[in-house]
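The structure appears below as structure tokens.
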Amino acid sequence: MNENNSIKPFGIKDKWGYLFGDFGNDFTFIFASSYLMVFYTKVWGISAGMVGILFLVARCVDAFTDIGMGRIVDSTSTAKDGRFRCWLRRMCGPVAISSFLMYQSALANVSMTVKIVYMFVTYILWGSVFYTSINIPYGSMASAISEEPKDRADLSIYRSLGASFAATFISVVTPLIIYYTDANGNQVVSGRNFTILAGVFSVLSIVCYLLCYFMTTERVKIEKKEKGKQSSLGTSLLGIFTNRSLLAVILAAILLLLAMLMTQGINTYLFADYFRNTKALSFFGLLNLPAVLILAAVSTKIAAQFGKKESSAVGCLFAGLIYLTTYLLHTKSLTIFIVMTFLGMLGMNYFNMLIWALITDVIDDKEVKTGSRDDGTVYGFYSFARKVGQALAGGISGFALSAIGYNSLAAAQTEGVKEGIYGLATLFPGIIYVLVGLVIMFIYPLSKKVVLENANILKEKRGEE
């Protein structure tokens, strides 16, 4: 139920606050995604296979904790500082501390058994328990900050900006801190610096979470259902599995992850073996940031004018056509390739920036159709599905390289392998982005008209309450 005029209206403070929330998330999440494997293998000497088992076990645990945390959020009473914001206050410390505990270089010389047990306990405690307990409420909070579709699109865009800023900051700073050159000119990992940097990032994550907490306001008050009126977990999950809009968003997100992770994994080989210019890879890695900044300035206006579904579908189709054109050009010019890829990034990132707003539209649609909102459960299920997609996509570049005959021991690859690498970097994402666009266009049902109708229905409902 909306509070009356005593609550300040939605504004830039909410947007920046929500941005800081994902910045806080990624000080531990992107750091772990990019460098935890390096720490485990290079500092502790644990085999990559054992780390892979850890990630697989953690994803199985996530099946219970992601959805379980969603149920907790939906079933507990609203605190004085909101249903979702309160979890930022409660869990920012545990998330940061558990992240720091994962990177303890002082344990490098203990027995392998102790390191493996410690690795499993601390990683699952961080990722499957504490990170989940703050990420699920944070993601669900967007629907409570404002009930206006335009405002939620803004929040989705600012969240994506936060992730982009964090990724750029971490990718630039981390290698400068954790690597040093030994007497033979080799790049060596410093375990001590790894631990110090992890501690700094943990402190920064707390600062960002608290900024999110103090700068955002929950305006849409959704009270806990009375006892006996709460839907069972089975009923909630059945509603999710039969929710066409949510399943369409999940399918589109998994396809998007497949394309993004494939290109990220293959681009290193593309620049080294096809273009033979690894220095340009650093510049190429920074292209995503200006693309996101350009889109941040125009995405809300485009979404408001044409609709999130409609414009997202066009953005993905545009990205797909750009990559397919790049494949057909079969260019050896690095300049042409970078320009074409940048254009493709604009289309892909447009959808990626709005996807969180699509989830809030799905939650609204569920409430209109069933009378049950279940913000946390829906977001928890979506979060778990993304983690599964990331886990499945994580090794796809390796399988693809093997399929085209890549020889890691060869000083130079054959022309056939080079052509295969170019195809993986252009044809594969081109096809996938087209598929994402078609899923949003023909399967995802929440058009601009439906979203606005749902928003008006819920406004009237809460006004009556």
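The values are calculated or read from the model by the stated rules, or taken from the named source; none is laboratory data. Keep in mind that what you see is a predicted model, and the values were worked out from it rather than measured. Cβ: placed from backbone, ideal geometry, glycine included. Neighbour counts: every protein chain shown. Accessible surface areas use protein heavy atoms only, side chains included; no ligands, DNA or RNA. Shrake-Rupley method; radii C 1.70, N 1.55, O 1.52, S 1.80 Å.
Given the structure, is Ser236 at pLDDT below 85, assigned to a helix (DSSP H, G or I) and out of contact with any Phe, Trp or Tyr (no Cβ under 8 Å at 6 or more places or on another chain)? Write out each step before concluding.
Values: at pLDDT below 85: yes; assigned to a helix (DSSP H, G or I): yes; out of contact with any Phe, Trp or Tyr (no Cβ under 8 Å at 6 or more places or on another chain): yes.
Judged against the criteria, Ser236 is a match.
Does Lys8 satisfy the criteria of being open to solvent by less than 60 Å² (accessible area, probe 1.4 Å) and basic (Lys, Arg)?
Values: open to solvent by less than 60 Å² (accessible area, probe 1.4 Å): no; basic (Lys, Arg): yes.
Against the criterion (open to solvent by less than 60 Å² (accessible area, probe 1.4 Å) and basic (Lys, Arg)), Lys8 does not qualify.
Could you please let me know if Gly82 is of a type in the set (Gly, Ala, Ser) and farther than 25 Å from Tyr179 by Cα? Walk me through it before giving the result.
Details: of a type in the set (Gly, Ala, Ser): yes; farther than 25 Å from Tyr179 by Cα: yes.
For Gly82, the condition - of a type in the set (Gly, Ala, Ser) and farther than 25 Å from Tyr179 by Cα - is met.
Identify, by number, the condition in (1) closer than 16 Å to Asn288 by Cβ; (2) open to solvent by 60 Å² or more (accessible area, probe 1.4 Å) that Ile170 doesn't meet.
(2)
Residues in the range 265-273: is at least one in contact with a Lys or Arg (Cβ under 8 Å, 6 or more places away or on another chain), in a helix (DSSP H, G or I) and surrounded by fewer than 22 Cβ atoms within 10 Å (Cβ to Cβ)?
Of all residues in the range 265-273, those in contact with a Lys or Arg (Cβ under 8 Å, 6 or more places away or on another chain) come to 273.
Checking which are in a helix (DSSP H, G or I) leaves us with 273.
With the extra rule that they be surrounded by fewer than 22 Cβ atoms within 10 Å (Cβ to Cβ), the set shrinks to 273.
Within the range 265-273, one or more residues are in contact with a Lys or Arg (Cβ under 8 Å, 6 or more places away or on another chain), in a helix (DSSP H, G or I) and surrounded by fewer than 22 Cβ atoms within 10 Å (Cβ to Cβ).
Name the helices (runs of 4 or more DSSP H) wholly within the range 278-361 that hold at least 3 residues that are surrounded by fewer than 20 Cβ atoms within 10 Å (Cβ to Cβ), under 18 Å from the mean Cα position of the chain (by Cα) and not polar (S, T, N, Q)?
On the way: elements: 279-285, 288-306, 308-329.
Filter on the range 278-361 gives 288-306.
Taking the condition within 30 Å of Ser75 (Cα to Cα), over 19 Å from the mean Cα position of the chain (by Cα) and assigned to a helix (DSSP H, G or I), does Val368 pass?
On the way: within 30 Å of Ser75 (Cα to Cα): yes; over 19 Å from the mean Cα position of the chain (by Cα): yes; assigned to a helix (DSSP H, G or I): yes.
Judged against the criteria, Val368 is a match.
Might you let me know whether the range 179-193 holds any residue that is part of a helix (DSSP H, G or I), charged (D, E, K, R) and open to solvent by 30 Å² or more (accessible area, probe 1.4 Å)? Before the answer, list the steps.
Residues of the range 179-193 that are part of a helix (DSSP H, G or I), as a first pass: 191-193.
Checking the rest, the ones that are also charged (D, E, K, R) come to 192.
Filter once more, keeping what is open to solvent by 30 Å² or more (accessible area, probe 1.4 Å): 192.
The answer is yes; a qualifying residue exists.
Between Ser105, Ser99, which is within 22 Å of Leu197 (Cβ to Cβ) and touching a Lys or Arg at 6+ places or on another chain (Cβ under 8 Å)?
Ser105
Determine which single condition Leu255 fails, assuming it passes every other condition in (1) outside any helix (DSSP H, G or I); (2) within 19 Å of the chain's Cα centre (by Cα).
Of (1) outside any helix (DSSP H, G or I); (2) within 19 Å of the chain's Cα centre (by Cα), only one is false for Leu255: (1).
Every residue, every condition in (1) at pLDDT 95 or above; (2) of a type outside the set (Ser, Thr, Tyr); (3) not in a helix (DSSP H, G or I), yes or no:
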residue	(1), (2), (3)
Gly398	no, yes, no
Tyr406	no, no, yes
Leu409	no, yes, yes
Leu424	no, yes, no
Tyr433	yes, no, no
